[in-house]
1. Could you tell me, in Å, what Rg and Dmax come out for the Cα atoms of segment 207-322?
2. From the phi angles alone, apply the Karplus equation (6.51, -1.76, 1.60; θ = phi - 60°) to segment 292-303 and give each ³J(HN,Hα) in whole Hz, x where the residue is Gly or Pro.
3. How high is the relative contact order of the chain, in percent, with contacts defined as C-alpha pairs under 8 Å that are six or more residues apart?
4. Out of Gly272, Gly43, Gly72, any idea which swings most in a Gaussian network model of the chain, alpha carbons joined below 10 Å?
5. I want to verify the translational diffusion coefficient of segment 207-254 in µm²/s; compute it with Stokes-Einstein, Rh as the Kirkwood radius over Cα pairs, at 37 °C and 0.692 mPa s.
6. Share of segment 12-143's accessible area from carbon and sulfur, percent, 1.4 Å?
7. Highest mean first, how do 123-135, 163-175 rank when packing is the count of other Cβ atoms within 10 Å averaged over residues?
8. Name the residues whose placed amide hydrogens come within less than 5 Å of the amide hydrogen of Asn79, ignoring near sequence neighbours (fewer than 5 apart) on the same chain.
Amino acid sequence: MVNAPAMPPIAPARSLEARYYIDPEIFGQEQAGLLTRTWQFAGHISQLEKPGDYFTFEIAGRNLFCIHDREGELRTFYNVCQHRAHELVRGTGNSNLIVCPYHAWTYKLTGPLHGGPNIKAVPDSERNRICLAPVRTEIFLGFVFVNLDPDAKPMDEWFSRVRVELSEYVPHIERLKPLEWVEIPEHCNWKVSVENYSECYHCQCNHKTFSTRVIKPDTYDIQPQGYCLRHTTECQNLDRMSYPIDLTGNPCAGKYSSWFLWPTFSFQVYPGNILNTYHWRPEDVDEVVVWRGWYTIDGADSEVIRKLAIQDRATTVEEDIHIVESVQRGLKGRGYRPGPLVIDPGCGVNSEHSIRVLQQWMREAVDA
């Protein structure tokens, strides 16, 4: 009897090559491609409560603004006059019309040209076609997202279960307003920071407070749901929690969960149904700003949440800054060779199965 030939060993999944994190050309590709055809966080509806309210923001180097029109709709436009390309608005404010500071061309809140000095000198056929360039906009549980791709699929197709699941964890999410927002610069590629967020393999080694006074690490797991990575775990024993929670307030009160929406945003619910958010803003190939938000019903002050935000900033956030900046320095060194990912068939906290999925999305964004 002839023995069957031995099957060759399966090559382990390996991390991305350093070039994905340090090559300015790859960052340029992401700015021109990935970040312009995916859903990006713009702001919160509480910033646009009255007709005429607006705020400006940037996506992939493009200057945009979102405004509340008189019909109650939130609209987003490129922040550029259709006359001679001057920026239309800055920061935040309220206006009955959108007025260009350069030559006083004015636009309705819905985008069409309204008027301007001697504008009748422009033929009617030309003048009637002038309108601000719109950007696809969706309101997702009170959060404003935009996509520069006008043909993009709706967010509920990208992230099919998130709306329902988040509403279970935070039943009052539509009433939330920001309590505080904090901008945290990190000297690393945005993908390094996102990867660090997307696994808890490092948590017990690096996040003592989070691992012993907020969650139970041995229950931590991350699973893909479409273009969402869903984190789940149980809260720590109540006598060890770093802040008080009421387990009777909601069936999900004793759980921690996170919904990372590829590529740059995450909803995160701490035990006690406390919502906070991450928004990664890529600034350069090795610079990213992480915008952290904390929310309460109607924006009411909360000593518990403010203390939790301080604790989080002093522990987990500060610890992660040192990690991701060290990784970025290591990626620039000549000695790095992509190592194997730790893939446990049972998943769990000591597995990098979520990183394998995430890095596949990263490859596709650049190599497709």
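The values are calculated or read from the model by the stated rules, or taken from the named source; none is laboratory data. These numbers were taken from a predicted model, which means no experiment stands behind them. Using ideal geometry, Cβ is built from the backbone for each residue, glycine included, and neighbour counts are taken over all protein chains shown. Note: areas computed on protein heavy atoms with side chains; ligands, DNA, RNA excluded. Shrake-Rupley method; radii C 1.70, N 1.55, O 1.52, S 1.80 Å.
1. 14.5, 46
2. 9, x, 10, 9, 9, 4, 6, x, 5, 5, 8, 5
3. Across the chain, relative contact order equals 19 percent.
4. Largest GNM mean-square fluctuation: Gly72.
5. D, rounded to a whole number, is 277 µm²/s.
6. About 48 percent, which is the carbon plus sulfur part of the accessible surface.
7. Top to bottom by mean Cβ count within 10 Å: 163-175, 123-135.
8. Under 5 Å from the amide H of Asn79: Asn63, Leu64, Phe65.
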